[in-house]
Amino acid sequence: MTSVSTTETITAAASGRWTLGDLPVSRIGFGAMRLPQTGPALVADAASRDRRAALSVLRRAVELGVNHIDTAAFYFSPLRSANELINSALAPYADDLVISTKVGPARDRTGQWATHARTPEALRGQVEENLRQLGRDHLDVVNLRIVGSESIAERFGALADLRTAGLIRHLGLSNVTPAHLAEARAIAPVVCVQNRYGIGVRPEDDAFVRECGAQGIAFVPFYAIAAAGGQDGVTVSEPAEVLAVAKAHGASPAQVRLAWILHRGPHVLAIPGTGDPGHLMANVAAGALRPSEDELELLEGVHRSALTG
């Protein structure tokens, strides 16, 4: 049993490494969704975060060895844009920094949700907007985020064309099924799948997580800490089993949830987001937490209970 309660600074190296296509990343990354605001994300009336604080957290993440940042052009509050903050804090970018973004969802200037991008023209516009905001001539990884179960061939094909043109290095998928993944892989290589997943969240997708690993594809859960709270953050009490494991390791429930995610396979990457430097350090330190087999079995029981609960 490994505790994360220590005075020594733990870096992202403790989580291990994975390669997205040809891009090596630490398995603990940073999600930028919560960066532009405090409180719930992706809402029109969000309270914008202090700019200097947001820039400081990004720079500290890189100092701690984080080299995988997940973002999107639709991550913004009335005064802050995640992409602009990343550009301001980290450009010129380090050679080993990998920035993943996603396209599909859209929000208008007021922050209200707009028509989802489904045409090649709309998707190219979103790719170009990410390029502009990030100050890049290409995007490391672009995830096509899906809504619904219909074919994605035209949309993914449009992104594959942009990859051929040099605007995108690698392609991924978000909020998809195994059928979507198979359809996409018939068109172009897929380096990652981003789906909602965590302790007690979508245990029916366990086989899909393993399938991604068997195919050499990274699985990148979102809302791994917030669970049912989603974009609002943690909204319910933690199960007793999670609290017990946390107490045994001198850790927080959030750290236990991240450690569990990393134990689902070497291809599983974590992208916890925060605007708080203390939470950032705790998230990174979770990469060093090693629950025992008995503790993992205890957490597995919580996870599987969602199938019958």
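Using beta carbons and a limit of 8 Å, which pairs, at least six apart or on different chains, have the first residue in the range 239-261 and at positive phi and the second one of a type in the set (Ser, Thr, Tyr) and at pLDDT below 95?
What qualifies is Gly250/Ser3; Gly250/Ser5.
Which of the residues spanning the range 247-293 are hydrophobic (A, V, I, L, M, F, W, C), under 15 Å from Thr11 (Cβ atoms) and either part of a helix (DSSP H, G or I) or touching a Phe, Trp or Tyr at 6+ places or on another chain (Cβ under 6 Å) (or both)?
Leu258, Leu262, Leu280, Met281, Ala282, Val284, Ala285, Ala286, Ala288
Quick one: in the range 132-162, of everything that is within 21 Å of the chain's Cα centre (by Cα) and assigned to a helix (DSSP H, G or I), which residue is farthest from Gln215 (Cα to Cα)?
Gln133
Conditions tested, residue by residue: (1) closer than 29 Å to Thr19 by Cβ; (2) touching a Leu at 6+ places or on another chain (Cβ under 8 Å).
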position	(1), (2)
His116	no, no
Arg124	yes, yes
Leu144	yes, yes
Asn175	yes, no
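Which strands (runs of 3 or more DSSP E) sit wholly inside the range 1-90 and have at least 1 residues that are of a type in the set (Ser, Thr, Tyr) and closer than 25 Å to Phe219 by Cα? I'd like the intermediate steps shown before the answer.
On the way: elements: 17-20, 23-26, 68-70.
Here the list reads 17-20, 23-26.
Quick one: in the range 91-131, which of the residues that are farther than 30 Å from Ala12 by Cβ and part of a helix (DSSP H, G or I) is least open to solvent (accessible area, probe 1.4 Å)?
Leu123
Could you please find all residues in the range 175-198 being within 24 Å of Glu295 (Cα to Cα) and open to solvent by less than 10 Å² (accessible area, probe 1.4 Å)?
If the condition is that a residue be within 24 Å of Glu295 (Cα to Cα) and open to solvent by less than 10 Å² (accessible area, probe 1.4 Å), then Tyr197, Gly198 are the ones that fit.
Between a first residue in the range 8-34 that is at positive phi and a second residue that is open to solvent by 30 Å² or more (accessible area, probe 1.4 Å) and outside any loop (DSSP other than H, G, I, E, B), which pairs have beta carbons less than 9 Å apart while being 6 or more apart in sequence or on different chains?
Short answer, once both residue conditions are applied: Gly21/Arg169.
The values are calculated or read from the model by the stated rules, or taken from the named source; none is laboratory data. In this text the structure is predicted, and so the values were computed from the model without any measurement. Methodologically, a virtual Cβ is constructed for each residue, glycine included, from the backbone with ideal geometry; neighbour enumeration extends over all protein chains shown. Side chains included, ligands, DNA and RNA excluded: accessible areas come from the protein's heavy atoms. Shrake-Rupley method; radii C 1.70, N 1.55, O 1.52, S 1.80 Å.
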